[in-house]
Amino acid sequence: MKNKLLYWIPRILGILAILFMMMFSLDCFGAGGVETLKCLAMHNIPALIILLVLVIAWKWELIGGILFIVASIAGSIYFKGFSTNPGVLPVMAPFLITGILFMLYYFLYLRKNESV
């Protein structure tokens, strides 16, 4: 049971965090036509990159966990979360937690099974 719970929590948290990031692109619908598509594409680039990280993490938990942690730190640095914009940290925290949970699952369950 613990195995299944720790398997699904990071995946669900990753999906919810990506949907949360995509929610910020809803302000694009005030434009019109092609401008709306351009705006959606630009606003969703970070979310699509994180979606790619989630796809990688779904198959390879250790690599995906490392990528989630790197993405969280890189996003916090890029948006100046450690100096002038602490409001970025709650947005990036789910990605850090997701990365830690993917790595925890790998080290608790998968690494033991690989050595057998």
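Each reported figure results from applying straightforward, stated rules to the coordinates on display, with no laboratory input. As the structure is a prediction and not an experimental result, all values here were calculated from the model. In this analysis, Cβ positions are derived from the backbone assuming ideal geometry, glycine residues included, and neighbour counts consider all displayed protein chains.
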Practice item. Name the helices (complete DSSP H segments) of the chain with a Cα length along the long axis of 20 Å or more and a Kyte-Doolittle mean of at least 0.0, or state none. Key: 2-23, 45-59, 61-78, 89-105
Review point. Given a cut-off of under 8 Å on Cα pairs at least six residues apart, what relative contact order in percent is computed for the chain?
Key: 31
Exercise for review: Extending each Cα 7 Å along its Cβ direction at Phe29 and Trp60, get the distance between those two points in nm, one decimal.
Suggested key: 3.8
Check your understanding: How many Å³ per residue does the convex hull of the Cα positions in the chain occupy?
Key -> 107
**Study point:** Arg111-Ile15 FRET efficiency (beta carbon distance; Förster radius 25 Å; 0.05 resolution)
**Key:** 0.50
Practice item. Would you mind getting me the FRET efficiency between Leu5 and Thr84? Use the beta-carbon distance for r and R0 = 35 Å, nearest 0.05. Key: 0.35
Exercise for review: Please list the non-local residues whose amide H lies under 5 Å from the amide H of Trp60, H modeled 1.01 Å from N, same-chain partners needing a gap of 5 or more.
Suggested key: none
